[in-house]
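Any read-out appearing in this document is the output of simple, stated calculations on the displayed coordinates, not a laboratory observation. Model, not experiment: these values are computed from the prediction. Neighbour counts are summed over all protein chains in view; Cβ atoms, including those assigned to glycine, are modelled from backbone coordinates with ideal geometry.
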């Protein structure tokens, strides 16, 4: 079996750098200052906070395309004092106008405004909290209605699952997201938070070896969603913080089927890689799943017998910053 240390090394390599994480936090702080001081929007601004994968600590290092590192995608929530009787489209337009005064380029979307800066790409999402109790609603200008949402609930849920899985859930999610990035299928979805929900449904909370943990998750996906695929339907996947809400709503069957078929194929490849003693051969399998960044075995340890394959009960993914391999200081 491939030593667990190789997966820990890989996880450290795909972790966003401290600089990338700092840029995400700084972008949120700067945005809050700008909106608070904006001549028109300032009176409407209540609070701003980081959301998405950087808040949940499930982000992976930014992609490299054409030799250039892509800016990290950062989700930022802006809580406003608008109410239900305010038209959702007007609220998105208002924050778009405010952001355009300070940033360029910006782009209105159905529920948010995208903003590109030198260091990060922000998705700025206006919410309302009509009761003042943290019961948030998001504006959808296409559907022309306010929809219930709960970003802080997603953050708490992710932390809870991680704790219940001995701190191995978030590393598994990062492996899953990296695998998804490396293995495109028809459409980009499912992606992001949906992958986290799928991982939570299919994780073995007692497994300590990351390779085994990942392959078991793929195998569980194959079994769990087999009937849905058989009947040409997309599974119902409950939103963990909003009962009755389906996080797979809007995902086409073709997209989910493409994702599912890739899972089937790679579950078999991963299982074979786990069974191999020759770590050169095993690494070829892991690279089919995770790409060229998956670390090769150390010289003189090709058999895998000289590397420890056991994992102590207290071993978790490092909680201290680890500089990725072969990456200049300051890069993601």
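Counting only alpha carbon atoms, the long axis of helix 279-290 and the longest principal axis of the chain meet at about 20°. Write down the percent of antiparallel bridges among all DSSP beta bridges whose residues are both part of segment 18-150, to the nearest 5. Approximately 70 percent, going by the DSSP bridge assignments. Subtracting the Cα-Cα distance of residue 284 and residue 167 from 0.36 nm times their residue separation leaves 39.3 nm of extension gain.
A viscosity of 1.306 mPa s and a temperature of 10 °C, combined with the Kirkwood radius over Cα pairs in Stokes-Einstein, give a translational diffusion coefficient for the chain of 74 µm²/s.
Taking packing as the residue-averaged number of other Cβ atoms within 10 angstrom, the listed peptides 238-251, 198-211 run from highest to lowest as 198-211, 238-251. With the chain treated as a Gaussian network of Cα nodes joined by springs under 10 Å, which of 254, 13, 121 yields the largest mean-square fluctuation? Maximum fluctuation in the GNM of the chain, among the listed residues, is at 254. Distance between the 7 Å Cα→Cβ label points at residue 93 and residue 206: 5.9 nm. Projecting label points 7 angstrom from Cα along Cα→Cβ for residue 135 and residue 47 puts them 1.7 nm apart.
Helix 210-224 axis versus longest C-alpha principal axis of the chain: approximately 70°, rounded to the nearest ten. In the chain, the calculated helix contribution to ellipticity at 222 nm averages -13500 deg cm²/dmol per residue, counting -39,500 (n - 2.57) for every DSSP H run with n ≥ 4.
Which order do 237, 175 fall in if you start with the one that has the fewest other Cβ atoms within 10 Å? Write out the running numbers ahead of the final one.
On the way: 237 19, 175 23.
If I rank by nearby Cβ atoms, fewest first, I get 237, 175.
Computed from Cα atoms, the angle from the helix 169-182 axis to the main principal axis of the chain rounds to 90 degrees. Paramagnetic label reach from residue 252 (point 7 Å along Cα→Cβ; backbone nitrogen cut-off under 20 Å): within segment 217-239, residues 228-237.
For labels at residue 182 and residue 142 in the simple 7 Å Cα→Cβ model, what's the distance in nm? So the label points at residue 182 and residue 142 sit 3.2 nm apart.
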